[in-house]
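What follows is a single structure, written as structure tokens, with notes after it.
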Amino acid sequence: MSKNEEDIIVCRCEDITLGEIRKVIREGATTLDEVKRITRAGMGPCQGRTCRLLVAGEIANYLGKPVSEILQSSYRPPFKPVKMGDLAQIHEGNGDCCDCDSEEEGVNS
Amino acid sequence: MRSSADVVVIGGGVVGASIAYNLAKQGVKDVVLCEKDTFANGSTGRCGAGVREQWGSEGNIRICKASIDIFENLQEELDYDYDIEFVQKGYLMMAYTEKEWDQFQKNVEVQHRLGVNSILCTPEEAKEIVPVLNTEGMFGATYNARDGHANPFHTTNAYLKAFERLGGEVNDFTEVTGIEKRGDKVAKVKTTKGDISAPVVVNAAGPWAAPVGSMVGVELPVYTERHQILVTEAVGHLFDPMLMSFSLGIYCQQTPHGSLVMGIGDPNEPKGYDIGQSWQFLKKMSDVMCRLVPALKGVRVVRQWSGLYTISPDAHPILGTVPGVDGYYQAVGFSGHGFMLAPIVGKLISEMIVGKEPSIDISDLDLGRFERGDLRVEPSVV
Ligand SMILES: Cc1cc2nc3c(=O)[nH]c(=O)nc-3n(C[C@H](O)[C@H](O)[C@H](O)COP(=O)(O)OP(=O)(O)OC[C@H]3O[C@@H](n4cnc5c(N)ncnc54)[C@H](O)[C@@H]3O)c2cc1C
């Protein structure tokens, strides 16, 4: 391996390296939430789908605990990133999209 | 965990963190902070983190102006390893009714008198500040360049790290379950990790302020209410200031990271501790914001969540001591603007505790005002 282990990208969405993750764990973070709040790992478009387990593994390793004992962070909606323009066009009630032009209404409506 | 302390601070949100740090800075040796979860897990880590001195009442303008003074040097003062991301790119407050516009003009007069350099803008001028803005229906706006926002996680963490360097102790996953008095005096704090003897305790428990107050027999007239919020993916620069409108019930900022954080109020929100999210919020938020800033149509929402406002009868915080309970201090009921107040409130509460004259008189923000019928009035709240 030519690459320094610390430079490995753990959170691809936010470009966070293993070195950055390990630093906050050394500084006292013991939960996924704390690591996320300080480094942004898991805050990007994929919402931690890949990095959650890696980060949990790092915490577990540092604390000498099984991964199952590491406190998870919450899964938050939406489950996939969704455009605001698409959300704005959903009609209450049926959840279908339509072609209505929301720009025609006044901002103050 | 220490078994005795000079002061125990309850709550690891931005308010508790600021109070703890300021106490240590004032030279109080043995300060212990107890947080039932981890730092910034309450309202702080869920908030919009906007900071403004564009208020309508003299009291709020003064205190928020003093808080911004602190924010401007906070990164250096706390000597923080990361970035608290405090940026001052202004607040643009938009009026959509004649009444609101009248009020804004009055506010600006008061602001000018107190040294705030806010300006009145026509819709055209507002569009010069935010070119992507659709100004349809807007009467006018006010803008103040010194307002801004910061990162709530980092601000809280920065306070806690500086507090620890000054000898303070932070205990996470440590819930305060009771407070014992000896006569009228605070004597002992009971926690899930053991007892701490202490003559002074500070209630900075955010949404849980009322249950903590009742531990010393103080009844707090506050209630909690859910407020929803979302964040988008990071995109290129769209606009600088925090956009805010009371009529539309919205605020929206672009963070230094490029993501947009925004929220919209719901007048029918029931009181309570629910912090779930709704689909209706996503739709309403998108409806309003895509009209206001059409460029947002192509921007993707990545996460939504909610947090609690802790609201007092006059929507102002309740600060300081309570007659009859020696050694009990509180900083609660921030009514949706506790993030911006935390730096100055931490300073003022710590001054009170060490027996100094508070650098700003906040005696009218005590709990007793509700009994006296001396409620504070603020014409400019969301
Ligand atoms: C959606 C939203 C947007 C907002 N936007 C803004 C904004 O733009 N600008 C602004 O200034 N404000 C804003 N606010 C308000 C702001 O978040 C709060 O006023 C502020 O964070 C209050 O800080 P706090 O430290 O008092 O409370 P919290 O952050 O809630 O901290 C209290 C802490 O006490 C702990 N605790 C409670 N009980 C106990 C116990 N018994 N033992 C141990 N620990 C305990 C809790 O776990 C919690 O961590 C917003 C709020 C929300 C919900």
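The values are calculated or read from the model by the stated rules, or taken from the named source; none is laboratory data. These figures come from a predicted structure and were not determined experimentally. Glycine gets a Cβ as well: all are built from the backbone with ideal geometry, and neighbour counts include every protein chain shown. The area values use the complete protein model at the heavy-atom level, side chains included, leaving out ligands, DNA and RNA. Shrake-Rupley method; radii C 1.70, N 1.55, O 1.52, S 1.80 Å.
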Item checked: Compactness of the range A:29-79 as Cα Rg over 2.2 N^0.38 Å, two decimals -> 1.08
Margin query: If you fit an axis through the alpha-carbon atoms of helix B:58-78 and take the longest principal axis of the Cα set of chain B, what angle between them do you get, 0 to 90°, nearest 10?
Written below: 80
Next item on the list: Treat each spin label as a single point 7 Å out from the Cα along the C-beta direction, and report the A:ASP15 to B:SER359 distance in nm.
Entry: 3.8
Check: Past the 29 Å Cα-Cα mark, which pairs from B:LYS65/B:LYS193; B:LYS25/B:LYS65; A:LYS83/B:LYS161?
Finding: B:LYS65/B:LYS193; A:LYS83/B:LYS161
Checklist line | Distance in nm between pseudo-label sites at A:ASP7 and B:ASN268 (7 Å out along the Cβ direction from Cα) | finding: 5.7
Next item on the list: Please list the non-local residues whose amide H lies under 5 Å from the amide H of A:ILE16, H modeled 1.01 Å from N, same-chain partners needing a gap of 5 or more.
Entry: A:VAL10, A:CYS11
Next item on the list: Mind pulling the per residue volume of the convex hull built on the Cα atoms of the protein assembly as shown? Å³ is fine.
Entry: 154
Next item on the list: May I have the convex hull volume per residue, in Å³, for the Cα set of the range B:271-382?
Entry: 167
Margin query: Spelling out what I want: for every residue of the range B:346-361, take phi, set θ = phi - 60°, compute 6.51 cos²θ - 1.76 cosθ + 1.60 (Karplus), and round to whole Hz; glycine and proline get x.
Written below: x, 5, 5, 5, 5, 4, 4, 5, 7, x, 8, 5, x, 5, 10, 6
Next item on the list: For chain B, calculate the relative contact order in percent as a whole number, restricting contacts to Cα pairs under 8 Å that are 6 or more residues apart.
Entry: 24
Margin query: Given R₀ = 41 Å, what would the calculated FRET efficiency be for B:LEU114 paired with B:VAL235, taking r from the Cβ atoms and rounding to 0.05?
Written below: 0.65
Next item on the list: Would you mind estimating how fast the range B:89-146 diffuses translationally, via Stokes-Einstein at 10 °C and 1.306 mPa s with the Kirkwood radius over Cα pairs, in µm²/s?
Entry: 139
Item checked: Virtual spin-label span in nm between B:ASP184 and A:ARG49, 7 Å along Cα→Cβ -> 6.3
Checklist line | A:THR50 accessible area, 1.4 Å probe, all protein chains in place, Å² to nearest 10 | finding: 70
Next item on the list: Over the whole of B:296-308, what's the average partner chain Cβ count within 10 Å per residue? Rounded to a whole number, please.
Entry: 5
Checklist line | Two-decimal log10 I(q)/I(0) for the range B:43-98, as the Debye equation yields it once each C-alpha is a single scatterer, q = 0.14 Å⁻¹ | finding: -0.51
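Apply 1/(1 + (r/R0)^6) to the Cβ-Cβ distance of B:TYR223 and A:SER74, taking R0 = 35 Å, and write down the FRET efficiency to the nearest 0.05. Kindly include the intermediate steps, with their values, before the conclusion.
Details: r = 24 Å, r/R0 = 0.69.
Efficiency computed from Cβ-Cβ geometry: 0.90.
What percent do you get for the relative contact order of the range B:240-382 when only Cα pairs under 8 Å and 6+ apart count? Don't jump to the answer; show the numbers that get you there.
Values: 146 pairs, mean separation 25.0, N = 143.
Relative CO of the range B:240-382 lands at 17 percent.
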Next item on the list: Give the angle, between 0 and 90 degrees and rounded to the nearest 10, that separates the Cα long axis of helix B:279-292 from the longest principal axis of the Cα atoms of chain B.
Entry: 50
Item checked: Bins of 20 Å from zero: percent of alpha-carbon pairs in chain B -> 29, 58, 13, 0
